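In what follows, a single structure is set out as structure tokens and then discussed.
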Amino acid sequence: VWHLKKNGYPVLCAPGSDAIQEICEIFPFQNFDELLAEIKKRNISEVIVGPEKYLAEGVADFLNSHEISCFGPTKKAAQLETDKA
């Protein structure tokens, strides 16, 4: 987030953290439908997923299926990191 902001990119974070809140606007969401609604409302063109929790839950698949550009692996690919078995 810091690097994107430093290079002049507008950045919003969801859900964000207390530390992130110090450098950019954050917004919460309860489910992927709420996230999608906020992305569309704010006309966000690119999503970069950080927390592996959301990748493991399939956020990249969900956003891509709604034609939202998302930088992050699919749910299946995220299993390499999240499923240690």
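The values are calculated or read from the model by the stated rules, or taken from the named source; none is laboratory data. Model, not experiment: these values are computed from the prediction. FYI the Cβ positions are ideal-geometry reconstructions off the backbone, even for glycines, and counts take in every protein chain you see. Heads up: the accessible areas ignore ligands, DNA and RNA and are worked out on the full protein's heavy atoms, side chains in. Shrake-Rupley method; radii C 1.70, N 1.55, O 1.52, S 1.80 Å.
Quick rundown of the values:
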{"item": "Counted residues, the range 15-60 - those being among the hydrophobic types (A, V, I, L, M, F, W, C) and touching an Asp or Glu at 6+ places or on another chain (Cβ under 7 Å)", "result": "2"}
{"item": "Members of the range 17-42 found to be part of a helix (DSSP H, G or I) and either open to solvent by less than 80 Å² (accessible area, probe 1.4 Å) or among the hydroxyl-bearing types (S, T, Y) (or both), listed by number", "result": "A19, I20, F32, L35, L36, A37, E38, I39"}
{"item": "Condition met for L63 (at pLDDT 95 or above, part of a helix (DSSP H, G or I), touching a Phe, Trp or Tyr at 6+ places or on another chain (Cβ under 6 Å) and not aromatic (F, W, Y))", "result": "no"}
{"item": "Extreme residue, nearest to L12 (Cα to Cα), among residues of the range 66-85 that are assigned to a loop (DSSP other than H, G, I, E, B) and open to solvent by 80 Å² or more (accessible area, probe 1.4 Å)", "result": "E67"}
{"item": "Cβ pairs under 7 Å, 6+ apart, first in the range 43-65 and open to solvent by less than 40 Å² (accessible area, probe 1.4 Å), second part of a helix (DSSP H, G or I) and hydroxyl-bearing (S, T, Y)", "result": "A56/T82"}
{"item": "Conditions (1) outside any loop (DSSP other than H, G, I, E, B); (2) open to solvent by 40 Å² or more (accessible area, probe 1.4 Å); number of the one not met by P10", "result": "(1)"}
